[in-house]
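Undergrad: I have a structure I would like to understand better, so I am pasting it below and will then ask my questions one at a time.
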Amino acid sequence: RVDGQEKQVELASKPVLWDERQHASQLTMWEPVRGADRLQQVATGIRVDVAEAVVIVDTNSRIQSFNESAERLYGWREAEVIGQELDVVIPWFGNDADRDTAQRRLREEGRWHGRAAQRRRDGGVVHVLASTTLLTDGSGQPAGAISVNRPIGDDVASAADPAGMPALGDDLRRGLANDELVVVYQPIVRLDDATPVGVEALVRWDHPTRGLLLPGEFIEVAERTGLIDQLGALVVELACRQVQQWRAAGIDLYLSVNVSARQLADVCLPARLADILQRTGLNPEQLWIEITETALVEDLEQARTGLHQIDELGVHVSIDDFGTGWASLTYLHEFPVHALKIDQVFVDGLGRRPCDEAIVKSIIGLARELGLDVVAEGIETLDQRALLYQLGCEKGQGYLFGVPVPAAELVLMAHRS
Ligand code: C2E
Ligand code: MG
Ligand code: MG
């Protein structure tokens, strides 16, 4: 704190959307609620994992601290910058009237956000969406300010990602432009007779030099660089078209697609889904989106609004990886939710860990009480299938029934069964 006392806080950075559909992050701080190593984790995460340049200044606008993204974006060297006045290090580019407005807003409202052009250490210019918030100490006295600056335009790829990442961000943009992103499908079957009733669409990146990449290797980068919107829309569109083709061939399957936290936080998601449904002619009732509990709590307000709009379209909502997130169960009556997907970690423990069996049992019971569908994930053995069915779970997916495959291979399988 500015008064010299140390205060432990937890920080969260969540994606938010500003005017003109610009992505940014909002930082929230609160008293730590869990143990010290959790705090350490969060602090380390902010330091290396946040795309935005975070700069903290004292009441005299002298730089107190900044993160690695700021170091990269501005080309700073720590010793030169700490203790310097922000205006000297990053002089205001642009006209005086704008600067006066920004300063007045900050003074009067405690917050300012807008576009700014800023100078790098090497003299180059970066364009950012800047968000500055005044900080106060415990008694309400001014304590400094925190600026969260997100590079926009061409500066994004070069500055936003941690070491090693710029290449991947650029590469993903190129991959998207070159149609390297493909969709594979995993059947979702009835557990009694293994009839496929639906498919989950899973994205893959058919990389020219690195081979076939799994989502774990690029979704995070897509989220951080904002490319997830384009990627997500592409997956939904390709998958809807595919399901329509199956339908034309006499195979009726519902489609389940994954929607990440950042996509859910995007105010345009419902409209985009509506547009794709309209263009592909897929019956909205046939489309399910899978979201995780963690995505729900990232931006509760937007999740609530967005999910109700999506529900109004007739699209269904499943909770993916149910039971592994952070959300309290109250969301189950606050949000339109139609199904729970039992995470594979619980299925994996069936017959081996009594605790997992208890969890699976209670998820199925909960779903039944609330009138929700339930789908088990990661079923690999006949025993797991039998036990799940016996416990009252009617649908599932997993390597036992089929690994995720390109559409052409799945059609054969659906025909065969
Ligand atoms: P998820 O939605 O929970 O998907 C299930 C993951 O488990 C998939 O991994 C799938 O290949 C794998 N899996 C399926 N059956 C089995 C099994 O029997 N045993 C085991 N051990 N694993 C099984 P994948 O394809 O690597 O996807 C990982 C995650 O990436 C997905 O988890 C989902 O959260 C995310 N993801 C995938 N595609 C997309 C996408 O298009 N958009 C977004 N936003 N996220 C996606
Ligand atoms: Mg999923
Ligand atoms: Mg899952």
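Undergrad: Quickly work out the Cys268-to-Glu409 label distance, labels modelled 7 Å from Cα along the C-beta direction, and quote it in nm with one decimal.
TA: Label-label distance for Glu409 and Cys268, simple model: 3.4 nm.
Undergrad: If you count, for each residue, the other Cβ atoms within 10 Å and average over each peptide, how do 398-406, 260-268 line up from highest to lowest?
TA: 260-268, 398-406
Undergrad: How large is ³J(HN,Hα), in whole Hz, for each residue of segment 178-185 in order, when computed from phi with the Karplus curve 6.51 cos²θ - 1.76 cosθ + 1.60 and θ = phi - 60°, using x for Gly and Pro?
TA: Whole-Hz 3J(HN,Hα) from phi for segment 178-185: 9, 6, 7, 7, 10, 10, 10, 10.
Undergrad: Here is a further query. Report the FRET efficiency, 1/(1 + (r/R0)^6), for Val125 and Ala248, where r is their Cβ-Cβ distance and R0 is 45 Å, rounded to 0.05.
TA: The value I calculate is 0.30.
Undergrad: Same structure, new question: Mind listing the phi-derived Karplus ³J(HN,Hα) values for segment 352-358, rounded to whole Hz, using 6.51, -1.76 and 1.60 with θ = phi - 60°, and x for any glycine or proline?
TA: Listing the rounded values in order: 10, 10, x, 4, 5, 5, 4 Hz.
Undergrad: Treat each spin label as a single point 7 Å out from the Cα along the C-beta direction, and report the Glu85 to Asn283 distance in nm.
TA: Going from the Glu85 label point to the Asn283 one covers 6.9 nm.
Undergrad: Please work out the C-alpha center-to-center distance from segment 347-404 to segment 290-314 and express it in whole Å.
TA: 25 Å
Undergrad: Thr59 to Asp206: extension gain in nm, 0.36 nm per residue of separation minus the Cα-Cα distance?
TA: Stretched fully, the Thr59-Asp206 segment lengthens by 47.8 nm.
Undergrad: Along Cα→Cβ, 7 Å out, is where each label goes; now give me the distance between the ones at Ala177 and Asp193 in nm to one decimal.
TA: Going by the 7 Å Cα→Cβ label model, 5.1 nm.
Undergrad: Turning to a different aspect of this structure: Does segment 195-264 classify as rounded, prolate or oblate by the C-alpha gyration tensor (a ≥ b ≥ c root eigenvalues; a/c under 1.5 gives rounded; else a/b over b/c gives prolate, otherwise oblate)?
TA: Note, shape of segment 195-264 comes out prolate.
Undergrad: Moving on to the next point. Could you work out how much longer the chain between Gln103 and Lys361 gets when fully extended? Use 0.36 nm per residue separation minus the Cα distance between them, nm to one decimal.
TA: Working it through step by step, the gained length comes to 87.1 nm.
Throughout, read-outs are computed from the coordinates displayed, never taken from laboratory work. Every value quoted in this text rests on a predicted model; they were computed, and no experiment measured them. For neighbour counting, all protein chains shown are included, and Cβ atoms are generated from backbone atoms with ideal geometry for every residue, glycine included.
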